[in-house]
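Below you'll find the structure, written out as structure tokens, and then a few comments.
The values are calculated or read from the model by the stated rules, or taken from the named source; none is laboratory data. Note that the coordinates shown come from a computational prediction; the quantities given were computed from them, not determined experimentally. Every residue, glycine among them, receives a Cβ derived from its backbone with ideal geometry; neighbour counts consider all protein chains shown.
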Amino acid sequence: MPATPDPRSVVHQILADYRQMAARHHAALKEHCDVEGVTDEDFDAYEETRRVTALEADAKLETFIELLTDAFGLPDDRPVTVLGASGAQFQVTPGRLDESARTAFTQGQCHALARAVAETTGWQTVVLAERKCADGYDTCGMGDAVADGLCICQLAHVAAVRPHDGYLIDARGAHDPQDVRAEERLDIVPMSPALWQLIDTAPSWRDPDMPVARTLVRPLLDSLGLPTGTETAEVAA
């Protein structure tokens with residue numbers, strides 16, 4: 001396992017990186033100002049420089065937060081915001097599998113939890129795919145919206161698979177796959193790299209909140225009385 005980063009070193013590196021970026025941005029913007037610090041007549045060029053520097057700052061901030069999360073972990077004594085489907089926001093306390101967490105990681109972040117369970121256990125992941133495309137998707141069946149013969153609008157839910165009995169594991173527990181198949185509405189399809197890529201790039205799916213999802217794996221498995229084995233299970237489509 002990689003060594004845990006020293007938090008002090010991480011903070012110092014972030015401070016150094018930020019100061020370097022801020023100095024570059026300040027110098028770039030000053031080029032558009034006169035000696036009194038007033039923006040010159042080429043306002044469009046000034047605005048374009050501001051746009052470019054803002055994009056870099058956004059990217060840097062995301063990187064800094066990732067570094068800080070790796071170094072310090074997430075707070076377990078207060079909730080953090082998790083983005084769900086259709087713009088929903090949930091307040092989830094890391095490491096606490098309560099109703100808010102179960103809802104967030106069922107309604108918009110199921111793929112994050114399934115991936116986190118798979119990372120810990122080595123279990124397979126599957127997608128529950130609608131047999132017919134949902135209404136309201138103009139891109140249905142077109143180009144980048146398809147992988148392994150499935151359209152993005154068919155992908156309804158992602159879960160992990162418990163090896164010894166093939167049950168589907170998600171934030172709400174263990175589910176008999178035969179119950180899913182009995183509805184004759186969904187197919188259970190093993191996830192592939194192509195399907196993961198489709199989900200990761202589709203605007204209709206949220207970016208996976210892996211830092212929070214990883215904190216919920218142990219509580220989920222404990223709630224089901226499950227050890228974290230490394231076995232895998234074959235899942236019939």
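State all residues of segment 57-102 that are acidic (D, E), exposed (fewer than 14 other Cβ atoms within 10 Å of the Cβ) and within 30 Å of A22 (Cβ to Cβ); if no residue qualifies, say none. Talk me through it step by step, then tell me what you get.
Looking only at segment 57-102, we keep the residues that are acidic (D, E), and these are 58, 62, 66, 70, 76-77, 98-99.
Applying the additional criterion that residues be exposed (fewer than 14 other Cβ atoms within 10 Å of the Cβ) yields 58, 62, 66, 76-77, 98-99.
Residues satisfying the conditions are D58, E62, E66.
Any residue at all in segment 73-96 that's modelled with pLDDT under 95, charged (D, E, K, R) and over 22 Å from R218 (Cβ atoms)?
No; the residues of segment 73-96 include none that is modelled with pLDDT under 95, charged (D, E, K, R) and over 22 Å from R218 (Cβ atoms).
Quickly run through segment 185-227 and pick out the residues that are at pLDDT 95 or above and of a type in the set (F, W, Y).
The one that is at pLDDT 95 or above and of a type in the set (F, W, Y): W196.
Here's the yes/no breakdown for (1) among the polar types (S, T, N, Q); (2) over 16 Å from the mean Cα position of the chain (by Cα); (3) at negative phi:
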{"site": "E56", "(1), (2), (3)": "no, yes, yes"}
{"site": "L74", "(1), (2), (3)": "no, no, yes"}
{"site": "L83", "(1), (2), (3)": "no, no, yes"}
{"site": "Q91", "(1), (2), (3)": "yes, no, yes"}
{"site": "P94", "(1), (2), (3)": "no, no, yes"}
{"site": "Q109", "(1), (2), (3)": "yes, no, yes"}
{"site": "A118", "(1), (2), (3)": "no, no, yes"}
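When you scan segment 29-48, do you find a residue that is under 30 Å from P211 (Cβ atoms) and basic (K, R), even just one? Let's see the steps before the verdict.
So the first thing to find is which residues in segment 29-48 are under 30 Å from P211 (Cβ atoms), and the list is none.
So far as segment 29-48 goes, no, none of its residues is under 30 Å from P211 (Cβ atoms) and basic (K, R).
If the Cβ limit is 7 Å and pairs must be 6+ apart or interchain, which residue in segment 35-50 that is at pLDDT 85 or above pairs with which residue that is not hydrophobic (A, V, I, L, M, F, W, C)?
A45/H32; Y46/H32; Y46/T39; T49/H32
Is there any pair with a first residue in segment 173-198 that is more than 24 Å from E119 (Cβ to Cβ) and a second that is assigned to a strand (DSSP E or B) whose Cβ atoms are under 6 Å apart and which are 6 or more apart or on different chains, and what are they?
L186/L128; D187/A129
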